[in-house]
Amino acid sequence: MAARFKMSNRGVGQLLNSPMITAEMLRRAEVIKGVAESISPVGGPGDPHPGQYKLSWYAKVERKAVGRSRKKRPVGVVGNKAYYARWVEFGTEKVHAHHVLLRAAQVGGR
């Protein structure tokens, strides 16, 4: 005789807020950060801030409202504190887009 499974919404919510899930979100964010650091452009001799972009990556876990219920859940966040990070990511009319965070998330988000 097969055992029956009855899902508990409350239990799933507790699981999603558990330290185990929070740790996994941070682990994944750290992996993406590591990939982003390794593929970040550094700049040439004329760069006034060589290496600043590469050293400005951070990874953390925040509790954000997600899903239809809008309940707060742990979410891994990866970002860059360099003021020009958006221009490196998306490019300008003079500089091509590097898509560092996009490529890092595609490779390291597993």
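Coordinate-derived values only; no laboratory data. Predicted model, so just to flag it, every value in this text is computed and none were measured. Backbone-built Cβ (ideal geometry, glycine too); neighbour counts: all protein chains shown.
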- Across the chain, how many lysine pairs, 8 or more apart or on two chains, come within less than 30 Å at their alpha-carbon atoms? 21
- residue 60 and residue 2 label points (each 7 Å along its Cα→Cβ direction) are spaced in nm at 4.7 nm
- Item | Sorted by Cβ neighbour density within 10 Å, fewest at the top, the residues 61, 100 | 61, 100
- Could you check the simple spin-label distance between residue 42 and residue 23, using points 7 Å along Cα→Cβ, in nm with one decimal? 3.5 nm
- Note on the structure: Of 35-48, 77-90, ordering from highest average Cβ density within 10 Å down gives 77-90, 35-48
- Message: What's the ranking of 49-60, 64-75 by average number of surrounding C-beta atoms within 10 Å, highest first?
- Response: 49-60, 64-75
- Least to most buried among 28, 4, 10 (fewest other Cβ within 10 Å first): 4, 10, 28
- Message: If each residue of separation counts as 0.36 nm, what is the full-extension length gain between residue 68 and residue 12 once their alpha-carbon separation is subtracted?
- Response: 18.7 nm
